[in-house]
Amino acid sequence: MTARQKPPGQVTKLIPSEVFAQVADGIEGLVHLRELAWTPVETPADAVQAGDEITVVVTETDRERRRLSLSRRQSSSAGV
């Protein structure tokens, strides 16, 4: 995946400050808490639940560390 792609994602896991989202078979990325919604949320559960389908933007790829950074907030120009 390359930066700025907008794959659909499925929320797989919530942790205190991030959400894991699967964007392709065997490929998961992280959505940081501040990138989940236009309005501030205290916990990921305030914005999404495991199993939710969300649209994200790939904001960064780190091939060496095998990490994808994702943003739900940047995936649309309107508030989420």
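The values are calculated or read from the model by the stated rules, or taken from the named source; none is laboratory data. Keep in mind that this is a model prediction, so the values were computed, not measured. Reconstructed Cβ throughout: ideal geometry from the backbone, glycine too, with neighbour counts over all protein chains shown. When the accessible area is computed, the model is the full protein with side chains, heavy atoms only, and any ligands, DNA or RNA have been set aside. Shrake-Rupley method; radii C 1.70, N 1.55, O 1.52, S 1.80 Å.
Numbers below:
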quantity: Within the range 29-79, tally of residues that are open to solvent by 80 Å² or more (accessible area, probe 1.4 Å), touching a Ser or Thr at 6+ places or on another chain (Cβ under 8 Å) and over 14 Å from Gln5 (Cα atoms); calculated: 1
quantity: Within the range 15-28, tally of residues that are open to solvent by 60 Å² or more (accessible area, probe 1.4 Å) and either in contact with a strand residue (DSSP E or B) (Cβ under 8 Å, 6 or more places away or on another chain) or assigned to a strand (DSSP E or B) (or both); calculated: 3
quantity: Cross-chain or 6+ apart pairs with Cβ under 9 Å, the range 42-56 first and more than 7 Å from Val11 (Cβ to Cβ), then of a type in the set (Lys, Arg) and open to solvent by 70 Å² or more (accessible area, probe 1.4 Å); calculated: Thr55/Lys6; Val56/Lys6
quantity: Hits in the range 35-65 (condition: under 10 Å from the mean Cα position of the chain (by Cα) and among the charged types (D, E, K, R)); calculated: Glu35
